[in-house]
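For reference, the structure discussed in these notes is given below.
Bear in mind that the values in this text are calculations on the coordinates, not laboratory data. Quantities reported herein were computed from a predicted structural model and do not represent experimental measurements. Ideal geometry is used to build each Cβ from the backbone, glycine not excepted, and the neighbour counts take in all protein chains shown.
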Amino acid sequence: MKLFKKDIIILGVIAGLIGNSAKLILAFILNNLGLMTKTYLDIAGNYFQHDSLDNIYGIINSLLADFFYGGFLGVVLYILIRNTDMNYIKLKGLLFGGLLHVVHNGIFVFGEFNPTTLDDLNQFMLLFPTLLYGLVTAWTLEILVK
């Protein structure tokens, strides 16, 4: 890891992938508890085609899209944190997750960008994995940068 200490993109992507994994695990748990009927894979899949999770290619495409997006957002978070400072990094991660909830789970999903339809409970439950994404990504960055 010492080799990549100064590389913003590599560190951001690694942190974003770890944060995204935590997000998907929590979403999977909430889905199995019946609190979410659709997960981030449904949302990611609908950017490409309708009902894309009915075959293995749709599932793989959705997973890849979600992880690439998570990696990209990890880079964005790292740039934001690096240009402010490393103080209160977990709080900044939570705030970033909250902003992502508004932009991604709000504007992108419920605008004309994505045909996914979610009920009120599902919309609300998307907040928690997104907050977890921001927190875990920021915490991972804190560990990697030290």
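Here are the numbers for the structure shown:
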read-out: Extension gain (nm, one decimal) between residue 28 and residue 57, 0.36 nm per residue minus Cα-Cα; value: 8.5 nm
read-out: Per-residue [θ]222 nm for the chain (sum of -39500 (n - 2.57) over DSSP H runs n ≥ 4, rounded to 500); value: -22500 deg cm²/dmol
read-out: Distance (nanometres) between label positions extended 7 Å along Cα→Cβ at residue 6 and residue 35; value: 4.4 nm
read-out: Burial ordering of 6, 90, fewest other beta-carbon atoms within 10 Å first; value: 6, 90
read-out: Given 5/90; 6/92; 6/38, the pairs whose alpha carbons are separated by over 28 Å; value: 6/38
read-out: Using alpha-carbon coordinates, inclination of helix 8-32 to the longest axis of the chain, degrees; value: 40 degrees
read-out: Separation in nanometres of the label points that stand 7 Å from Cα toward Cβ, at residue 83 and residue 68; value: 2.4 nm
read-out: Gain upon complete extension [residue 124, residue 95; 0.36 nm per residue less C-alpha separation]; value: 8.8 nm
read-out: The chain: relative contact order as a whole-number percent, Cα under 8 Å and 6+ apart; value: 38 percent
read-out: For the stretch 14-145, fraction of C-alpha pairs farther apart than 23 Å, in %; value: 29 percent
